[in-house]
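Derivation of every value follows stated rules applied to the coordinates shown; laboratory data play no part. Computed from a prediction, not measured in an experiment: that's the story for all the values here. Ideal geometry is used to build each Cβ from the backbone, glycine not excepted, and the neighbour counts take in all protein chains shown.
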Amino acid sequence: AQTVTQSQPEMSVQEAETVTLSCTYDTSESDYYLFWYKQPPSRQMILVIRQEAYKQQNATENRFSVNFQKAAKSFSLKISDSQLGDAAMYFCAQHPQGGSEKLVFGKGTKLTVNP
Amino acid sequence: AAGVIQSPRHLIKEKRETATLKCYPIPRHDTVYWYQQGPGQDPQFLISFYEKMQSDKGSIPDRFSAQQFSDYHSELNMSSLELGDSALYFCASSPGQQTYEQYFGPGTRLTVT
């Protein structure tokens, strides 16, 4: 069974600084995809970034980047130049390769951005 | 860009009543997923459809049923509602075989009193 673990229930960061959110996962699949979703107070689930397991290069989307360590089954999210609008719950999720499979989410990390 | 549409956005029902939630996926997305998110919890997968056929099933109660129609919209039917069914229900859609990203709708907040 696939599991996703986020060991930090809450994190805080000063505006303009950098923060890293941790995620580890367990899977028997050889091919899979990993995602970070952001859920602000509006409760909308917003896709932040994705990583294909077969790619060694870490994904980057503007101020968001990941550190993907496949052997360690680790997938952390780094947010640079943090902004007040980054405050949200962040969920790490795993999706096995193959079209119609569910996302398995971690329990989430609540990020607070201090002005 | 078009997003996933869910209706209604809010729904209040009494115990033992029935509710129907609707989802309209992003155009040309052929896969639809339903998730349930309780207060302070992560989303839990309920059921998915690919090309109008059920493709995967999670922890969906027998009181719930769902289907995907010819225009790819999907409906989640919930009967004999219980207080514990109060949650945020998300629909997500995906282009399926082309990519594995799931795009979420705004959710339907169901309150059972």
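Dipole magnitude for chain A: about 140 debye, using +1 per Lys or Arg Cβ and -1 per Asp or Glu Cβ, origin at the Cα centre.
With R₀ set to 45 Å, the beta-carbon distance separating residue B:57 from residue A:64 gives a calculated FRET efficiency near 0.85. Tally Lys/Arg at +1 and Asp/Glu at -1 over every other residue whose Cβ is under 10 Å from the Cβ of residue A:15; what's the total? Summing Lys/Arg as +1 and Asp/Glu as -1 gives -3. Annotation: amide H of residue A:11 within the under-5 Å range of A:110, A:111, A:112, sequence separation 5 or more or interchain, hydrogens built in the peptide plane.
Taking Lys and Arg as +1 and Asp and Glu as -1, the other residues whose beta-carbon sits under 13 Å from that of residue B:94 total -2.
The charge dipole of chain B, taken about its Cα centre with unit charges on the Cβ atoms of Lys, Arg (+1), Asp and Glu (-1) only, comes to about 240 debye.
Straight-line reach from residue A:107: taking Cα to Cα under 20 Å and skipping same-chain neighbours fewer than 8 places apart, the aspartates and glutamates in range are A:10, A:26, A:86, B:42, B:85, B:101.
Charge tally around residue A:24: other residues with Cβ under 14 Å, Lys/Arg +1 each, Asp/Glu -1 each, net +2.
Look at where the Cα atoms of segment B:10-63 and of segment A:46-70 average out, and the two centres are 28 Å apart. Straight Cα distances below 24 angstrom link residue A:55 to the lysines A:38, A:70, A:73, A:78, A:102, with same-chain residues fewer than 8 positions distant left out. Across chain A, the relative contact order, built from alpha-carbon pairs under 8 Å that are at least six residues apart, equals 37 percent.
When the charge dipole of chain A is built from unit charges on Cβ atoms (+1 for Lys and Arg, -1 for Asp and Glu) and taken about the Cα centre, the candidate among A:103, A:115, A:71 whose Cα reaches farthest toward its positive end is A:103. Mean-square fluctuations from a GNM of chain B, with a 10 angstrom spring cutoff on Cα atoms, peak among B:60, B:26, B:12 at B:12.
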